[in-house]
Every structure is written in structure tokens, then in C-alpha cells.
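The values are calculated or read from the model by the stated rules, or taken from the named source; none is laboratory data. Remember, predicted model here, so these are calculated numbers, not experimental data. For neighbour counting, all protein chains shown are included, and Cβ atoms are generated from backbone atoms with ideal geometry for every residue, glycine included. In case anyone asks, the SASA skips ligands and DNA or RNA and just uses the protein heavy atoms, side chains included. Shrake-Rupley method; radii C 1.70, N 1.55, O 1.52, S 1.80 Å.
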Amino acid sequence: EFSQIIWPDEVRHFERTTQGNFTGVGIHIQMDEDRNIKVLTPLEGTPAHRAGIRPNDVIRSVNGVPTLGMGINQAVDLITGASGTQVTLGIEREIKIEGEEPRKDELSFTLTRGRILVRTVKGWERTGAGEGEWNWFIDADRGIGYVRLIQFTDTTTRELTTAISQMQAKGLSALILELRFNPGGLLNEAVNVSDLFLNSGK
């Protein structure tokens, strides 16, 4: 019951979500209740982040093609592409100014696609602009660490091992492992993560 078939036409999308890197502009997108393609977050240090794309921006077009009626996978296929190529996103952004009615601006961003590294291990709070710069402790005095796994990709175990080593060097005594909203991913990575905490058995 915890398995699913990946049909041939879904394989490319599945691989993109389970590999620790992909070629694109560096945004997480989702479909809202009105079936708009909305930016959940731009990944730090990526073309989208550097260009100024923000959470809650609505993608109205990709290279002039309207996104009305598109599914997520279709939008992703249009936005991603070969490294070094360009894609133009038509963005609708709600502008709120105190004392005024919210207005919607139409913006256009031409981005150059590049190799995007996806970090799946997050800490308690950021200590810098880089993806790996985290304060791993929720309570440093007591040595209580915190790690949130956002999914299981082919780099998750390696990232987690590095984070734990950094915490151990600073006196780790207990660890909170946050798995809420993790959609899953590669089974072997989930098993490898479990093996970090289990002494024996399956």
C-alpha cells in the first residue's frame, strides 16, 4: 500500500524530483485552489532567486504560452530545459501597500537555466545565505539538534550524515528528526537514513 507505479510518461518527472540536482531555474511550484501555477518558494542562489521571483507569484505564461489549464508536470516540462538556455516567465504579483487596496502587477522575467542543487536536509534556522548554512540546534545548551528532511533523494543520507557530524562536534546529545510533509522519494535512501539510527534488524 506504500508503493506506486511510475508510468513511462511520468518517469522523467519522477527522476527530477528524486535526484539531488536538476537543470532549471530553481523554483518550487504548486497548484492553488483556483488551479493557478503558483511559486511556493524560489531556491536560494538560483536564477529565479537572483532575478527576484518571490513566493506566491503566479506564473501566467511560460515563453508566451498561457498556463491556464496546465497541470504541474506540463508547466515543469516547459520551465525546465538544457543548461544555458533561456525561459521567460510571465508573472502576476499581488502588491499590498498599507492603506490601499491590493493591486496585481504583470511582470516578465527572462531567466537562464542552470544546474540546480536541491538540499533535502534543513536545520532549525539559517545562519547564512548558502543552502547548507544552518544552525542545527533547537537548544544548544542541552545539545538538542533539529533536522527536517523535506524528501528522500539520492543525496539525502550524505547530507544528513554531514549535518549529524557537525552537531556531534558541538556536543549533540539528542536529535529531533522532522518528517512531517515529507512526500517520500527513493526507498534505498529512506532505508539508509533509518540505518543511521538502528543498530540491527530491518
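Observations on the structure shown:
- Taking amide H positions as modeled 1.01 Å from N, with prolines and chain starts lacking one, the residues under 5 Å from Thr155 and 5 or more places away or on another chain are Gly20.
- Segment 112-202 - share of DSSP beta bridges that are antiparallel (%, nearest 5): 50
- From the alpha carbon centroid of segment 138-202 to that of segment 31-52 is 27 Å.
- Projecting the Cα atoms of Val65, Leu175, Asn199 onto the dipole axis of segment 59-202, where Lys and Arg carry +1 and Asp and Glu carry -1 at the beta carbon, places Asn199 farthest toward the positive end.
- For segment 76-172, taking the reciprocal of the average inverse distance between every pair of different Cα atoms yields a Kirkwood hydrodynamic radius of 17.0 Å.
- Cα Rg, Dmax (largest Cα-Cα span) when computed across the chain, Å: 19.3, 62
- Here the chain is assigned +1 on the Cβ of each Lys and Arg and -1 on the Cβ of each Asp and Glu. Its dipole about the Cα centre then comes out at about 440 debye.
- For the chain, a Gaussian network of Cα nodes joined below 10 Å ranks Gly145, Gly99, Gly171 by mean-square fluctuation, and the top entry is Gly99.
- Straight Cα distances below 29 angstrom link Lys122 to the lysines Lys38, Lys170, Lys202, with same-chain residues fewer than 8 positions distant left out.
- Between 0 and 90°, nearest 10: helix 156-168 axis offset from the chain longest Cα axis: 50
- Per-residue ellipticity at 222 nm computed for the chain from its helices equals -6000 deg cm²/dmol, with DSSP H segments shorter than 4 residues left out and the rest contributing -39,500 (n - 2.57).
- Between Leu43, Ile95, Gly114, the Cα set farthest toward the positive side of the dipole of the chain (charges on each charged residue's Cβ, about the Cα centre) is that of Gly114.
- Reciprocal of mean inverse Cα separation for segment 118-186 (Kirkwood radius, Å): 12.1
- For segment 48-147: accessible area per residue (Å², 1.4 Å): 58
- Residues in segment 178-189 carry Karplus couplings, in order, of 8, 10, 4, 6, 6, x, x, x, 7, 4, 4, 6 Hz; the curve used is 6.51 cos²θ - 1.76 cosθ + 1.60 with θ = phi - 60°, and Gly or Pro positions show x.
- Note on segment 1-100: with charges restricted to the Cβ of Lys and Arg (+1) and Asp and Glu (-1), its dipole about the Cα centre is near 360 debye.
- Summing Cβ point charges (Lys, Arg +1; Asp, Glu -1) relative to the Cα centre of segment 39-142 gives a dipole of roughly 380 debye.
- Share of carbon and sulfur in the accessible heavy-atom surface of the chain [1.4 Å probe, %]: 50
- Once backbone amide H atoms are built at 1.01 Å from N, Asp139 has Ile144 as its partners under 5 Å, excluding neighbours fewer than 5 places away on the same chain.
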